[in-house]
Amino acid sequence: MSKIELTINGKAVSADVEDRTLLVHLLRENLDLTGTHVGCDTSQCGACIVHIDGRAVKSCTVLAGQAAGSNVTTIEGIAKGDELHPMQAAFRDNHGLQCGYCTPGMIMSAIDIVHRHGGKLDEATVRQELEGNICRCTGYHNIVKAVLDAAGRMKVSQAAE
C-alpha cells in the first residue's frame, strides 16, 4: 500500500492504494466519482478519459501512484454549480448522446481538443481527434456538431472571464 496525495476537482485528496491500482479505479471505487466509466479494459474506448494537469488522459492506463501530486479533473468537476460547462450544454443542445455511456469521456476529450486547437476546428479535425473514443449508438454526427458548437461557446465564455 502507498499513500498518495493529489487534487481532484479542486479538492485535496489523500488515499491509501495498492501500487497496482489504476486511476480509474481510485476515482470510481475509492472516491465514488462514477462519471468516469470503464468501457473496455484495453484503453480502446475512451470512456475513462479525465484531465491530468489539463490534458486528456485515459485513466485506465495510469496507475493512481503516477497521478500523485497532479491536478485531476473528472466529468463531475467541470460544471460550475448548476451551470453546465459549455461542452456539456452543447452535447445536450445538439443531441450528442444516446445511451450516455461514452458521453463523459467524449466531453472530456472534446474539451481537450478545443483547448489544443482553439478556433481552428473543422469537422474533419474533430472526427480525427475523436478516433480514440468509441460510441456504439450515435454515428458521431451530433457529437461532432456538439464539439464545433461548444468551441464557439468556449471562446465566448473565455472572453467574458
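The values are calculated or read from the model by the stated rules, or taken from the named source; none is laboratory data. Since we're looking at a predicted model, the values are computed, not measured. Positions of Cβ are backbone-derived with ideal geometry, glycine not excepted, and every protein chain shown enters the neighbour counts. Heavy atoms of the whole protein, side chains included, go into the accessibility calculation; ligands, DNA and RNA do not. Shrake-Rupley method; radii C 1.70, N 1.55, O 1.52, S 1.80 Å.
Figure legend. Inter-residue proximity from segment 116-127: first residues in contact (Cβ under 8 Å) with a residue 40 or more places away in the chain, second residues of a type in the set (A, V, I, L, M, F, W, C) and open to solvent by 90 Å² or more (accessible area, probe 1.4 Å), beta-carbon distance below 8 Å, spacing 6+ or different chains. No pairs are indicated. Filter segment 128-151 down to the residues that are touching a residue at least 12 places away in the same chain (Cβ under 8 Å), over 17 Å from Gly54 (Cα atoms) and not aliphatic (A, V, I, L, M) and list them by number. Across segment 128-151, the qualifying residues are Gly132, Asn133, Cys135, Arg136, Cys137, Thr138, Tyr140, Asn142, Lys145, Asp149. Segment 67-131 holds helices (runs of 4 or more DSSP H) entirely within its bounds, and those carrying 1 or more residues that are among the β-branched types (Val, Ile, Thr) and surrounded by fewer than 18 Cβ atoms within 10 Å (Cβ to Cβ) map to 123-129. The residues listed here are Asp41, Asp32, Asp53; of these, the one that is charged (D, E, K, R) and closer than 16 Å to Asp112 by Cβ is Asp53.
Here's the yes/no breakdown for (1) acidic (Asp, Glu); (2) in contact with a strand residue (DSSP E or B) (Cβ under 9 Å, 6 or more places away or on another chain); (3) modelled with pLDDT under 95:
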{"residue": "Gly105", "(1), (2), (3)": "no, yes, no"}
{"residue": "Ser109", "(1), (2), (3)": "no, yes, no"}
{"residue": "Asp112", "(1), (2), (3)": "yes, yes, no"}
{"residue": "Ile134", "(1), (2), (3)": "no, no, yes"}
{"residue": "Cys137", "(1), (2), (3)": "no, no, yes"}
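Taking the numbered list (1) assigned to a helix (DSSP H, G or I); (2) of a type in the set (Val, Ile, Thr); (3) open to solvent by 20 Å² or more (accessible area, probe 1.4 Å) in turn, Val147 passes all entries but (3). Of all residues in segment 6-33, those that are under 17 Å from the mean Cα position of the chain (by Cα) and either assigned by the TED database to the domain that holds Ser109 or surrounded by 14 or more Cβ atoms within 10 Å (Cβ to Cβ) (or both) total 12. Among the residues of segment 43-53, is any small (Gly, Ala, Ser), surrounded by fewer than 20 Cβ atoms within 10 Å (Cβ to Cβ) and within 20 Å of His25 (Cα to Cα)? Yes: one or more hits. Among the criteria (1) over 16 Å from the mean Cα position of the chain (by Cα); (2) outside the structural domain of Leu33 (by the TED database), the one Leu63 does not fulfil is (2). Residue pairs whose Cβ atoms lie under 8 Å apart, separated by 6 or more positions or on different chains, with the first residue in segment 79-98 and polar (S, T, N, Q) and the second open to solvent by 70 Å² or more (accessible area, probe 1.4 Å), are Asn94/Lys145. Suppose we filter Ser14, Ser43 for residues that are without any contact (Cβ under 8 Å) to a residue 24 or more places away in the chain and assigned to a loop (DSSP other than H, G, I, E, B); which single one remains? The match here is Ser43.
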